[in-house]
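Remarks on the structure that follows.
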Amino acid sequence: MKSLRLIADIGGTNARFAIAQNGQYSHLVHVAVSKYASLHDALTDYLDKLPSDRRPSQAAIDVAGPVIGDRITLTNLGWSFSVSELKDKLGLRSLRVFNDFAATAMAVPYLPAADRFLVGPSCPEARGPIGVIGPGTGLGVGSLVPDGGRWVHVPGEGGHVTLPTSTKAEDEIQAFLRTRWDHVSAERVLSGSGLVNLYEAICAIENIDPLPLTPADVTDRAIRKTDTACVKAFAHFCEILGTVAGDLALTIGATGGVYVAGGILLRFKEAFASSGFRERFESKGRFRELMQRIPTHLILEESPALLGLANIPADPAT
């Protein structure tokens with residue numbers, strides 16, 4: 001049906017599928033991407049289970065990776081596909097593909113107040129460009145720029161900027177990580193695997209035998225304060241995220257605010273709010289006063305990219 005739109009948020013670990021209409025979505029399905037050999041298989045499985053009267057003729061999907069040209073490759077998942085071939089195989093009239101954090105950024109104007117958790121001071125006069133950053137399987141970064149009465153999304157791969165350090169302890173962590181990778185990006189610490197990398201770096205620096213922990217193990221032990229190395233890892237995670245989010249705000253002039261997305265912090269919003277995130281965000285020397293006027297929010301909506309995809313304008317080609 002022309003008025004219905006298949007939307008899909010494809011990450012490195014999970015995928016979410018839904019049917020959008022009039023800015024809302026339904027028929028939400030959440031799956032592990034490891035269940036499928038390809039994006040085509042995942043989409044076909046979802047579409048085949050829809051009622052015949054809900055079968056869409058157009059689709060908008062986002063992927064965790066750069067969207068340049070017809071051939072798309074996901075950064076943290078072994079999937080690659082041709083947009084034109086996928087469109088034809090699925091029998092769609094149109095298929096639009098976006099970067100995942102471009103889609104997440106597009107959701108911000110449509111987020112209800114209940115899904116915006118303020119971290120730091122309220123800045124009711126904030127207006128202007130908006131930055132979005134989110135640690136998950138990887139580190140996503142996107143932005144929105146106002147253009148008259150509409151918003152223009154600006155995709156990017158800011159998660160792969162070189163990791164900045166602000167303290168001697170972070171210098172030591174970065175030095176340890178350089179023994180593993182020639183280029184230590186922000187994503188190497190600001191992601192699920194990044195939490196484990198931080199934990200292992202701290203253990204190495206402090207001559208502690210590391211345990212084979214998962215990202216969930218690190219955060220759980222940190223919140224319960226049962227493991228000193230995990231507590232330090234989570235603290236560094238929040239502080240470095242504040243540094244990188246502040247860098248994003250300065251780079252794009254995000255006077256409208258910076259929004260933090262991604263699944264890692266949703267269960268720990270109070271701990272995140274009381275962490276060193278906001279202090280680091282503001283800690284920009286001569287520009288501290290400017291940074292104090294930029295609000296930061298944690299997005300509580302679990303699938304903001306789907307909300308963004310549901311509200312993009314219709315493809316003019318259809």
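The values are calculated or read from the model by the stated rules, or taken from the named source; none is laboratory data. Note that this is a predicted model, so its numbers are computed, not measured. Cβ: placed from backbone, ideal geometry, glycine included. Neighbour counts: every protein chain shown.
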Requested in this report: Being of a type in the set (A, V, I, L, M), surrounded by 12 or more Cβ atoms within 10 Å (Cβ to Cβ) and part of a strand (DSSP E or B) is the filter here, so list the residues in region 14-38 that pass it.
Outcome: 15, 18, 19, 20, 28, 29, 31
Report task. Given the conditions (1) surrounded by fewer than 18 Cβ atoms within 10 Å (Cβ to Cβ); (2) out of contact with any Gly (no Cβ under 9 Å at 6 or more places or on another chain); (3) free of Cβ contacts under 8 Å to residues at least 24 places away in the same chain; (4) not hydroxyl-bearing (Ser, Thr, Tyr), report the number of the one that residue 221 does not fulfil. Result -> (1)
Requested in this report: For residue 262, indicate whether it is of a type outside the set (Ser, Thr, Tyr), at pLDDT 95 or above and in the same structural domain as residue 232 (by TED's automatic domain parsing).
Outcome: no
Query raised in the report: Counting just the residues of region 67-125 that are within 18 Å of the chain's Cα centre (by Cα) and of a type in the set (Asp, Glu), which one comes out nearest to residue 57 (Cα to Cα)?
Result: 100
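Conditions (1) more than 22 Å from residue 113 (Cβ to Cβ); (2) crowded, with 21+ Cβ neighbours inside 10 Å, marked per residue:
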{"site": "257", "(1), (2)": "no, yes"}
{"site": "261", "(1), (2)": "no, yes"}
{"site": "264", "(1), (2)": "yes, yes"}
{"site": "286", "(1), (2)": "yes, no"}
{"site": "290", "(1), (2)": "yes, no"}
{"site": "305", "(1), (2)": "no, yes"}
Query raised in the report: Taking region 62-75 only, how many residues are closer than 19 Å to residue 17 by Cβ and not charged (D, E, K, R)?
Result: 6
Report summary line: Filtering region 112-134 down to residues that are at pLDDT below 95 and buried (at least 23 other Cβ atoms within 10 Å of the Cβ) yields 134
Requested in this report: Return yes when residue 99 is modelled with pLDDT under 95, of a type in the set (S, T, N, Q) and within 14 Å of residue 132 (Cα to Cα) and no when it is not.
Outcome: yes
Query - Residue in region 41-89 that is nearest to residue 136 (Cα to Cα), counting only those that are free of Cβ contacts under 8 Å to residues at least 24 places away in the same chain, assigned to a loop (DSSP other than H, G, I, E, B) and out of contact with any Asp or Glu (no Cβ under 9 Å at 6 or more places or on another chain) - result: 78
Report task. May I ask you to list pairs of residues, at least six apart or on different chains, whose Cβ atoms are under 9 Å apart, with the first in region 10-27 being over 21 Å from residue 262 (Cα atoms) and the second being surrounded by 15 or more Cβ atoms within 10 Å (Cβ to Cβ) and polar (S, T, N, Q)? Result -> 20/311; 23/311
Query raised in the report: Would region 243-250 turn up any residue that is β-branched (Val, Ile, Thr), modelled with pLDDT of 95 or more and crowded, with 22+ Cβ neighbours inside 10 Å?
Result: yes
Query raised in the report: Which condition does residue 297 not pass, out of (1) part of a helix (DSSP H, G or I); (2) touching a residue at least 60 places away in the same chain (Cβ under 8 Å); (3) under 27 Å from residue 25 (Cβ atoms), if it passes all the others?
Result: (1)
Requested in this report: Would you check which residues across region 126-151 are more than 16 Å from residue 259 (Cα to Cα), part of a strand (DSSP E or B) and either within 18 Å of the chain's Cα centre (by Cα) or touching a residue at least 60 places away in the same chain (Cβ under 8 Å) (or both) and list them?
Outcome: none
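Conditions tested, residue by residue: (1) touching a strand residue (DSSP E or B) at 6+ places or on another chain (Cβ under 6 Å); (2) of a type outside the set (Asp, Glu).
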| position | (1), (2) |
| --- | --- |
| 7 | yes, yes |
| 19 | yes, yes |
| 49 | no, yes |
| 53 | no, no |
